[in-house]
Amino acid sequence: MKLVLTHFYERQARSFFKRHPDLVREYEQILNLLISNHTHPSLGLHKLKGNLKNFWGISLTYKFRIILILKINDEEIDLIDIGSHDDIY
């Protein structure tokens, strides 16, 4: 799988990691796992509902999530947003 970072996501991630520099290592591990095995249970991959029904979510930590678009046939993962559960859902 290939990761694609949207322009919005890059801005959100920079801002997020300025506030949470302690999560950088865990974030890198999560992204590596996402690329190698996007169905791994520890990611908590789940289809979203409502206005976000075209997106998927994964867990960075208990409190923080990453929203993405999963394109299985194209073998591409587009990262859309990162933040707390309440902020991005």
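Here are the numbers for the structure shown:
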read-out	value
Subset of region 50-61 [in a loop (DSSP other than H, G, I, E, B), touching a helix residue (DSSP H, G or I) at 6+ places or on another chain (Cβ under 9 Å) and surrounded by fewer than 18 Cβ atoms within 10 Å (Cβ to Cβ)]	Thr61
Scan of region 46-68 for residues that are over 9 Å from the mean Cα position of the chain (by Cα) and not charged (D, E, K, R), ordered by number	His46, Leu48, Gly50, Asn51, Leu52, Asn54, Phe55, Thr61, Tyr62, Phe64
Pair list, Cβ < 8 Å and 6+ apart or interchain, from region 5-19 residues that are under 15 Å from Arg65 (Cα atoms) to residues that are surrounded by 13 or more Cβ atoms within 10 Å (Cβ to Cβ) and β-branched (Val, Ile, Thr)	Tyr9/Ile80; Tyr9/Ile82; Gln12/Ile82; Ala13/Ile82; Phe16/Ile82
Options Asp78, Asp74, Asp87: the member that is surrounded by 11 or more Cβ atoms within 10 Å (Cβ to Cβ) and part of a loop (DSSP other than H, G, I, E, B)	Asp74
Answer residue from region 59-80, given it is β-branched (Val, Ile, Thr) and farther than 18 Å from Phe8 by Cα and is modelled with the highest pLDDT among those	Thr61
Some residue of region 26-43 being outside any helix (DSSP H, G or I) and touching a residue at least 40 places away in the same chain (Cβ under 8 Å)	no
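The values are calculated or read from the model by the stated rules, or taken from the named source; none is laboratory data. A quick note: this is a predicted structure, and the numbers were derived from the prediction, not measured. Reconstructed Cβ throughout: ideal geometry from the backbone, glycine too, with neighbour counts over all protein chains shown.
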